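Undergrad: Pasting a structure here, questions to come.
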Amino acid sequence: TRIVLASNNAGKVREINQLLAASGLQVEPQRDHAIPEIEETGLTFVENAILKARNAARHSGLPAIADDSGIEVDALQGAPGIRSARYAGAGASDAENLAQLLQALAGVAPEARSARFQCVLVYLRHAEDPTPVICQGTWEGRVLETPRGTNGFGYDPVFFVPETGCSAAELDAETKNRLSHRGQALRLLQARLAPAGV
Ligand code: ITT
């Protein structure tokens, strides 16, 4: 089956391709299909993932997978959440968003910096598919006071993963994919699609 991956985030695309490498499932990058950007107007990860998958399916004529994800920080009542990609403003870089998060948490003690990454993956068979396949993953950790490591992307340098003693950016790709919100969601999605012959 040909499937479009509805994401412009290079870090996500790389991880999803790594996670799929072992399986038969292959995805085609959105940039090969001239998919126009849409505004993420949803109020939840699920809504935004559906909007992105529908947009890609509509413009490519192919089934589509979208990833909506972000970091929820308890001391910030769940912010930045669905606004993680634009926390420091529209078009902000990963570095700017990360700096914004550290600033928002200035003075908050280590034990009060609990947080989690969320990932929702949506698969649509076609743009009007009334029953999307929706899978989710959650990764618990806490926000460091200083960035550590250079692997991964986004908030990884400030996301401490207790079971490893490392930041997510200090983990190799294989370890991150085994533990991460995205790895969990993608394995669930593969298990849902395999019986359907996708
Ligand atoms: P697409 O919509 O094109 O896929 P995007 O970057 O706009 O790309 P989102 O709206 O889902 O995607 O935003 C996700 C945000 O959460 C973004 O700021 C990421 O840096 C962050 N994020 C998601 N998964 C992450 C991970 O595994 N490690 C670090 N940061 C992550």
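Undergrad: What pairs come up if the first residue lies in the range 7-28 and is within 23 Å of Gly197 (Cβ to Cβ) and without any contact (Cβ under 8 Å) to a residue 60 or more places away in the chain, the second is outside any helix (DSSP H, G or I) and not hydrophobic (A, V, I, L, M, F, W, C), and their beta carbons are under 7 Å apart, counting only those six or more places apart or on different chains?
TA: Glu28/Arg2
Undergrad: Looking at the range 64-75, is at least one residue assigned to a loop (DSSP other than H, G, I, E, B) and either within 18 Å of the chain's Cα centre (by Cα) or more than 18 Å from Ala185 (Cα to Cα) (or both)?
TA: No, that holds for no residue.
Undergrad: Further question: Quick check on Ser84: is it within 23 Å of Arg31 (Cα to Cα) and part of a helix (DSSP H, G or I)?
TA: Working: within 23 Å of Arg31 (Cα to Cα): yes; part of a helix (DSSP H, G or I): yes.
Against the criterion (within 23 Å of Arg31 (Cα to Cα) and part of a helix (DSSP H, G or I)), Ser84 qualifies.
Undergrad: Further, regarding this structure: State whether one or more residues within the range 53-76 are over 25 Å from Pro36 (Cα atoms) and not hydrophobic (A, V, I, L, M, F, W, C).
TA: yes
Undergrad: Going by the conditions given, is Ala106 in a loop (DSSP other than H, G, I, E, B), buried (at least 18 other Cβ atoms within 10 Å of the Cβ) and free of Cβ contacts under 8 Å to residues at least 40 places away in the same chain?
TA: It is false that Ala106 is in a loop (DSSP other than H, G, I, E, B), buried (at least 18 other Cβ atoms within 10 Å of the Cβ) and free of Cβ contacts under 8 Å to residues at least 40 places away in the same chain.
Undergrad: Let me ask something else about it. Identify, please: which residue in the range 1-22 is more than 15 Å from the ligand (Cβ to nearest atom) and within 18 Å of Ser180 (Cα to Cα) and is, among those, surrounded by the most Cβ atoms within 10 Å (Cβ to Cβ)?
TA: Once the filter is applied, the top-ranked residue is Leu20.
Undergrad: Identify all residues within the range 111-163 that are more than 29 Å from Arg58 (Cα to Cα), near the ligand (Cβ under 10 Å from one of its atoms) and of a type in the set (Gly, Ala, Ser); write none if there are none.
TA: Gly152
Values quoted throughout were computed directly from the atomic coordinates according to the rules given, and no laboratory measurement underlies them. What you see is a predicted model, and the numbers here were worked out from it, not measured in a lab. With ideal geometry, Cβ positions are generated from the backbone for all residues, glycine too; neighbour counts draw on all protein chains shown.
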